[in-house]
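Enquirer: Have a look at this one.
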Amino acid sequence: MTPPNAWTDPDGLLGVLNRCSGRSVTSVTASITHVEQLPWRPGRPQDWPSWVPSQVRMAFVARGVNQPWSHQVQAADLVHAGHDVVVATGTASGKSLAYQLPALTTLMADPRACVLYLAPTKALGADQLESLESLEVADLMPAAYDGDTPLADRDWARAHANWILTNPDMLHRGMLPAHSRWARVLRRLAYVVVDECHAYRGVFGSHVALVLRRLIRLARLYGSDPVVVFASATSADPAAAAGRLIGRPVRAVIEDGAPRPGTDFVLWEPALLAGSEGQDGAPVRRSAAAEAGRMMADLVAAGARTLTFVRSRHGAEQTALSAQRLLADAAPELADKVAAYRGGYLPEERRELERALGCGELLGVASTNALELGVDIAGLDAAVLAGYPGTLASVWQQAGRAGRRANAGQRALVVFVARDDPLDTYLVHHPETVFGRPMEAAVIDPTNPHILGPHLACAAAEQHLTPADIELFGGTAIKPVLDGLVANRTLRRRPTGYFWAEPGHPADRVNLRGGGGGQVAIVDEESARLLGTVDLHRAPAAVHTGAVHLHRGESYVVQELDLETGIALVRRDRPEWTTIARSQSTVSMASVHQERGYPGGVRVGLGPVEVTEQVVGYLRRRPNGKLLDIIGLEMPRHTLCTRAIWYTIELSALVSAGVAETSVPGALHAAEHAAIGLLPLFAGCDRWDIGGLSTALHADTGAPTVIVYDGYPGGAGFADRGHQVLVAWLSAVRDAVAGCPCDAGCPSCVQSPKCGNGNHPLDKAGAVVVLGLVTDAISTPEFAAAVGR
Ligand SMILES: [Zn+2]
Ligand SMILES: [Zn+2]
């Protein structure tokens, strides 16, 4: 079926983009840095497994699935045989069939059996529910159980549903603490489905891993032993990542048998703006959002249906608006065919959007990343990604929106537009990071005592912990955490095990999306609505009075932060500036003796650190980086106990390599910034999940030192991952800094938007020397052995 307005220019969409590139008069450098031509790949259909009952088969045939793809059959067979499986194949490859076939087969044989489905977002759960409800299978009784479910429906779900769709937060707070009310489900729990499991990383992922262990334990107590099925975006080692989530081996299915449309995937670096200067005379690039708006106008004018992903809702509106304005001149009849996606997460709103794009009422939509999951838009011609969405998995998820139903003759277009920061810039100049083997795997650390402790307390409150349970949660390694809980009278030790010693249940005090410690509530002054929470230790830097706070793409300004009551009052606003806290911090290491030395005066350390930070003010900047002013603040000092990776270089080594002693602070500082900018590519964290510090003389190491630490109490595993991949990571950092065409540092290499020192001092040339010395020193078999690689 050819959709209306199908795009049919024989030059291909790439031609449109080339014309658009040639026309940019302000261009100083070329815009397209790479084009990857992904070939069309036919699908590999296979017969239905013989164990699938005809009624289940017919239900899928009625929906248009005449035959399953090879990976669906391979995974379904493994699940049916009782193995825990992770299906890690491309966007829209039909991963759900892998668990739906065995699960529906089980329900046909035993309608009392149950399936528990977990999604990271409510939107995805709602889509899954809709899809199950439309399946004509007798005995299937699906129901949602999440924060939006009305009370009566919750009762029905508990009493009757055999396919329950929920999320980890609801499982943690609602279902596990009240497990006796869920006895019917837990007794016959046959399958647990963990959808989009790559979303579980960092602190959130560590929490979810422990919630899953609590679920498995209670299921066993009630006499069931569910098979766990994970669906994941493609990643470096999905079996290991899923295995870490559940704490036992998982088999991976990665051979994608679904057809793939031919796609031209373009990497695009916005041109430098002639005559504009940023901080310290740094060159300024066109913003990714502005570039995306222009691109969308050109594509829409050529008749291509285009979806543009932008970081913020405000940015999405700006992008749509600028595309509309450009079209109003070039092709006025098309101007009203472009819109911003402003809706919330309601399925109806997304359906409406899908419909409008599907029938050609709309040709271009600019959206926040919100639309990434659970939207089914057929036959889009192009996707424009304005900036790195956080993980490579998300890049592919967004890219997968283009050409989802394209055929052999029609090529789709994907454009990744770099923002002006080290990571985006590195990606567009190193296509192998995008198109080679995916390198990031979700990092979690369920042994972090700040996260493990609260979940052990929850587990004990659910049912006292026996020695067998302790095995499930990590064995003897967790003894110190248990002892701590006993010492502070959270748990009581008896001959039969560990018992919860307080009234009530601790689950309400544990926020899966936050680190350990307290929380500050972010409250909208106008509506008194709770927008979200931020960890207490991050509050002074994130939501100080005057801070511009982004929430689901909407911008707010903090009116008042009260650390005593734990409330930050915010007001919706769109100021013409961004803010960044200025702070003074120190880091002390407890385990300097565990450092290892390498040739050339280089030492590398990994271990617990204590970060003391005081926010002393904040900077206000224009979107182009221009500094408006600095406002002073008085904030209490606070301490964060976490984990860090650090390296030191002897001063004499730096000097003999040509770094003047006065340049050492700037060289280390620049090397630190660039390293923080690129770690997300290797550890799957956000730039804001980590912090850093550099100093020409550190009291504990006694040498010039660069430190990168986890931003959460106890750490989320990022520093440890950084240590593991240090050679690759710092080599990439060196390439990024050395390869940047700027003279003295810019946002694409060593300037940081979150610098507590306002980007002073920075020495770009010195940073290249520092990074060269360190990478040379650790590119040895000894270092590889030390990190177990
Ligand atoms: Zn630069
Ligand atoms: Zn800095």
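The values are calculated or read from the model by the stated rules, or taken from the named source; none is laboratory data. Since we're looking at a predicted model, the values are computed, not measured. Quick reminder, even Gly has a Cβ in these numbers, built from the backbone with ideal geometry, and neighbours come from all protein chains shown. Each accessible area value is taken on the protein alone, full model and side chains, heavy atoms only, with ligands, DNA and RNA left out. Shrake-Rupley method; radii C 1.70, N 1.55, O 1.52, S 1.80 Å.
Enquirer: Under 20 Å between alpha carbons, and skipping anything fewer than 8 positions from Lys122 in its own chain: which lysines qualify?
Expert: The qualifying lysines are Lys95.
Enquirer: Quick one: P(r) of the stretch 405-559 from all Cα-Cα pairs, 10 Å bins, percents rounded to integers, in order of increasing distance.
Expert: Per 10 Å bin, starting at zero, the Cα-Cα P(r) for the stretch 405-559 comes out as 8, 23, 20, 23, 17, 7, 1, 0 percent.
Enquirer: Using a Cα-Cα cut-off of under 23 Å, which lysines could be cross-linked to Lys626, ignoring same-chain neighbours fewer than 8 residues away?
Expert: Lys754, Lys764
Enquirer: Which value in Å does the Kirkwood hydrodynamic radius of the stretch 472-596 take, with 1/r averaged over all unlike C-alpha pairs and then inverted?
Expert: Details: mean 1/r = 0.0555 Å⁻¹.
By the Kirkwood definition, the hydrodynamic radius is 18.0 Å.
Enquirer: At 222 nm, what helix-only mean residue ellipticity would the chain give, in deg cm²/dmol to the nearest 500, using -39500 (n - 2.57) for each DSSP H run of four or more? Walk me through the numbers on the way to the answer.
Expert: Numbers: 25 runs with 266 residues, N = 789.
Result for the chain, helices only: -10000 deg cm²/dmol.
Enquirer: Hey, another quick one. So what is the orientation-averaged projected area of the stretch 267-306, using the convex hull of its C-alpha atoms, in nm²?
Expert: 3.5 nm²
Enquirer: I'd like the per residue volume of the convex hull spanned by the Cα atoms of the stretch 141-284, given in cubic angstrom.
Expert: Dividing the Cα hull volume of the stretch 141-284 by its residue count gives 212 Å³.
Enquirer: A further question on this structure: Using only Cα atoms, what Kirkwood radius does the stretch 432-474 have, in angstroms?
Expert: For the stretch 432-474, inverting the mean 1/r across all distinct Cα pairs yields 12.9 Å.
Enquirer: Another question about this same structure. Looking at the stretch 667-729 from every direction and averaging, what is the projected area of its Cα convex hull in nm²?
Expert: For the Cα atoms of the stretch 667-729, the hull's average projected area reads 4.3 nm².
Enquirer: Something else about it: Using only the alpha carbons of the stretch 242-354, determine the length spanned along each of the three principal axes and report them from longest to shortest in whole angstroms.
Expert: 57, 44, 32
Enquirer: Right, here's the next one. Roughly how far apart, in whole Å, are the Cα centres of the stretch 204-252 and the stretch 419-470?
Expert: 13 Å
Enquirer: Separate question: Placing +1 on the Cβ of each Lys and Arg and -1 on the Cβ of each Asp and Glu in the chain, which of Phe416, Ile778, Pro446 has its Cα farthest towards the positive end of the resulting dipole?
Expert: In the chain, that residue is Pro446.
Enquirer: D for the stretch 611-690, whole µm²/s, Stokes-Einstein with Kirkwood Rh over alpha-carbon pairs at 37 °C and 0.692 mPa s: what number?
Expert: 205 µm²/s
Enquirer: Out of the DSSP beta bridges found with both residues in the chain, what percent are antiparallel (nearest 5)?
Expert: Here the antiparallel bridges make up roughly 60 percent for the chain.
Enquirer: In addition: For the stretch 173-247, what Kirkwood radius comes out of the mean inverse Cα-Cα distance, in Å? Mind showing how you got there, number by number?
Expert: On the way: mean 1/r = 0.0769 Å⁻¹.
Answer for the stretch 173-247: a Kirkwood hydrodynamic radius of 13.0 Å.
Enquirer: Taking only protein heavy atoms into account and a 1.4 Å probe, give the accessible area per residue of the chain in Å².
Expert: It amounts to 39 Å² per residue over the chain.
Enquirer: Would you work out if the stretch 527-616 is rounded, prolate or oblate? Take a ≥ b ≥ c from the square roots of the eigenvalues of the alpha-carbon gyration tensor; rounded if a/c is under 1.5, else prolate when a/b is larger than b/c, oblate otherwise.
Expert: Since a/c reaches 1.5 and a/b is larger than b/c, the shape of the stretch 527-616 is classed as prolate.
Enquirer: Write down Rg/Rh for the chain, rounded to two decimals, with Rg from the C-alpha atoms and Rh from the Kirkwood relation over Cα pairs.
Expert: Result: Rg/Rh = 0.96.
Enquirer: What's the center-to-center distance, using Cα atoms, between the stretch 643-688 and the stretch 97-164 in Å?
Expert: Rounded to whole Å, the Cα centres lie 50 Å apart.
Enquirer: Give the Debye-formula value of log10 I(q)/I(0) at each listed q (0.15, 0.21 Å⁻¹), with one equal scatterer per alpha carbon of the stretch 650-775, two decimals each.
Expert: Scattering profile of the stretch 650-775, log10 relative to I(0): -0.64, -1.27.
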